[in-house]
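Okay, structure first, notes after.
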Amino acid sequence: MRRYLYVFIAFSIALAVRLYPTFLSMLPFSTDAWPPIRNTELLLEYTPISLDDEVMDGYNCYWPANSLFCAVFSQATGLKPMVAMAFGIPLTGALTIPIFYILLRRISRSCRTAFFSSIILAVAYPYAFFTAGVTKETYANPLYILSILIFMSRGGWGRILLFAIASSALVMAHHLTSLITIAVLASIALSSSILRFMNGVNQDRSSFLLVSILAAATILYFWFYAYKGLRIIFTLSDILSAVSYQILAFAITLYLIFKPLTRSDRSPLLLCIVSAALVSLTAFLCTRRPIVSDAPILPSRYMLYATPFILLSPLMVLGVGELRGMRSEDGYAPLFWLSTLLGLEAYAVFGYSPLGLTLVYRTLNILCIPLTILSAFGLSKLCETSSSLKKRRVVKLATVIILIAIVALNSYSIYASIFLQERYMGYFWLYKRSEYHAAAWVRDAACNQTVVGDVKVLYMLEGYFGLNVDVLYGLRYLAGKTASKPQILFIYDQIAWNGYVVYGGYSVDLPEDWRGRITRLNLVYSNRVVDIYEAG
């Protein structure tokens with residue numbers, strides 16, 4: 001009974017967090033939401049229709065799982081497609097948490113550890129923020145965790161069939177998540193094979209079979225269909241660079257596994273202190289200089305948002321020790337899962353990836369999952385550090401306080417990003433009703449004219465309403481780099497405080513006299529949030 005209560009609590013918190021921005025605005029959350037919503041509406045309007053028909057957006061239609069799901073969800077519930085996606089996709093994102101609980105219960109054999117990990121992941125920023133969005137990644141996340149759960153389970157042909165079904169759905173859901181899943185499962189399978197060889201145990205060929213099924217499904221899907229939707233070309237040099245980082249991360253983790261465990265009581269304490277210091281130093285450096293090219297220098301108050309990571313880092317150290325101490329394939333799997341994502345993050349930061357800053361923050365998002373596993377094992381270890389009854393009660397109380405602090409701080413980070421509109425925390429994912437009504441007005445009044453506005457405007461007006469939007473021209477005009485007036489200029493209130501959002505989610509400060517350039521245009525629409533101008 002307790003395990004069901006744990007799952008219910010974790011799922012309820014996850015669902016509340018992920019639906020919070022939707023209830024706040026009553027609109028789909030995320031800039032990436034608009035093209036799939038339009039695809040869903042077109043799918044329902046013109047069915048039967050080819051998914052790559054010219055009326056579709058030419059990109060999201062090649063990974064249509066979320067649109068297909070919400071088309072069915074809309075028909076089943078009677079909700080409009082936009083409303084169905086606004087609520088349905090965050091709901092699927094929240095379903096990741098119960099699946100994750102089962103996975104952790106499988107790895108740890110402990111309801112407490114599974115509960116700790118599920119609660120932390122339910123509110124972990126930025127993971128909870130991203131999976132509140134109506135995106136392909138949000139829909140792919142439960143399939144990602146489900147694939148790993150099936151992979152780590154035992155069984156015969158039934159397991160293989162379930163994995164093949166999950167793989168097919170995952171491949172149709174999101175490209176990057178599919179590739180990451182292949183890398184994670186390949187790393188776990190290879191590590192398991194090496195460990196079995198070292199211990200003289202028979203090899204488990206089914207692991208490589210499952211990896212091959214997912215890899216084959218991904219390759220075939222890309223080769224025969226989805227290649228038309230790819231917008232970034234990776235060269236052989238990019239692939240070799242990414243693979244080299246994976247090999248390095250795998251080798252380091254393998255060394256860590258075979259390295260004899262220390263019996264010194266000081267080493268964990270010292271490592272905990274060092275880890276907290278390193279995370280604190282990294283967060284502090286982010287407030288003083290860019291850590292990667294194109295990254296902003298963060299305000300000092302962002303140290304508060306780094307506090308959960310600082311609190312969790314010592315727990316992660318304890319978690320690594322616990323997983324190493326299990327001396328089992330299940331115990332080692334999260335470490336190789338983490339090493340795969342760290343290798344990808346290292347490639348994103350140091351490997352001159354074509355995806356740039358986008359890959360950095362997207363990888364940081366999915367890194368939350370294995371890091372949460374380590375933290376949960378660390379918290380469980382903390383509960384068991386004392387043998388005396390009195391001290392054990394104190395330690396358990398401290399554990400509860402730490403868990404509450406982590407949940408509260410992460411929840412505040414989500415609140416700050418959505419409600420307080422913190423500039424560097426994805427504030428522009430939240431659309432207001434006034435912005436939507438203004439966009440609808442522009443659609444009716446544009447008459448094939450080009451609208452200029454930032455990326456937030458681009459996704460809604462071009463991705464949903466089908467208008468032509470020029471992001472860079474708007475930036476050049478407001479920055480005084482061109483005297484030619486735009487046909488239609490779309491300005492919303494947040495630009496004055498947080499800047500002009502460009503590609504990759506980065507916002508640019510406008511010069512002080514940018515409002516003076518707007519006065520040269522004619523104001524044709526205003527609703528106190530959005531002002532729309534046209535050339536006189």
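The values are calculated or read from the model by the stated rules, or taken from the named source; none is laboratory data. On a predicted model such as this, the values are computed, not experimentally measured, just so you know. Here the Cβ positions follow ideal geometry from the backbone for every residue, glycine too, while neighbour counts run over all protein chains shown. When the accessible area is computed, the model is the full protein with side chains, heavy atoms only, and any ligands, DNA or RNA have been set aside. Shrake-Rupley method; radii C 1.70, N 1.55, O 1.52, S 1.80 Å.
Things to note:
- Scanning region 132-169 for residues that are open to solvent by 30 Å² or more (accessible area, probe 1.4 Å), touching a residue at least 60 places away in the same chain (Cβ under 8 Å) and farther than 15 Å from A217 by Cβ yields a single hit, Y139.
- Of residues in region 212-229 being in contact (Cβ under 8 Å) with a residue 60 or more places away in the chain and not charged (D, E, K, R), the one most open to solvent (accessible area, probe 1.4 Å): Y225
- Test: S413 is under 26 Å from the mean Cα position of the chain (by Cα) and either part of a helix (DSSP H, G or I) or at positive phi (or both): yes
- Test: residue in region 184-201 that is modelled with pLDDT of 95 or more, buried (at least 16 other Cβ atoms within 10 Å of the Cβ) and over 23 Å from S328 (Cα atoms): no
- Some residue of region 417-428 being part of a helix (DSSP H, G or I) and over 30 Å from A376 (Cα atoms): yes
- Only one entry of V529, V508, V501 meets the criterion of being of a type in the set (A, V, I, L, M, F, W, C), in contact (Cβ under 8 Å) with a residue 60 or more places away in the chain, surrounded by fewer than 18 Cβ atoms within 10 Å (Cβ to Cβ) and out of contact with any Pro (no Cβ under 7 Å at 6 or more places or on another chain), and that entry is V529.
- Residue match in region 434-444 (condition: closer than 27 Å to C286 by Cβ and either open to solvent by 20 Å² or more (accessible area, probe 1.4 Å) or within 28 Å of the chain's Cα centre (by Cα) (or both)): no
- Positions within region 445-472 being hydroxyl-bearing (S, T, Y) and open to solvent by 40 Å² or more (accessible area, probe 1.4 Å), in sequence order: T450, Y459
- Note on region 43-131: enclosed helices (runs of 4 or more DSSP H) holding 2 or more residues that are open to solvent by less than 30 Å² (accessible area, probe 1.4 Å), under 20 Å from V407 (Cβ atoms) and hydrophobic (A, V, I, L, M, F, W, C) are 96-108, 111-123, 127-130.
- In the set F8, F87, F23, F100, only one residue is more than 21 Å from M460 (Cβ to Cβ), at pLDDT 95 or above and of a type outside the set (D, E); that residue is F100.
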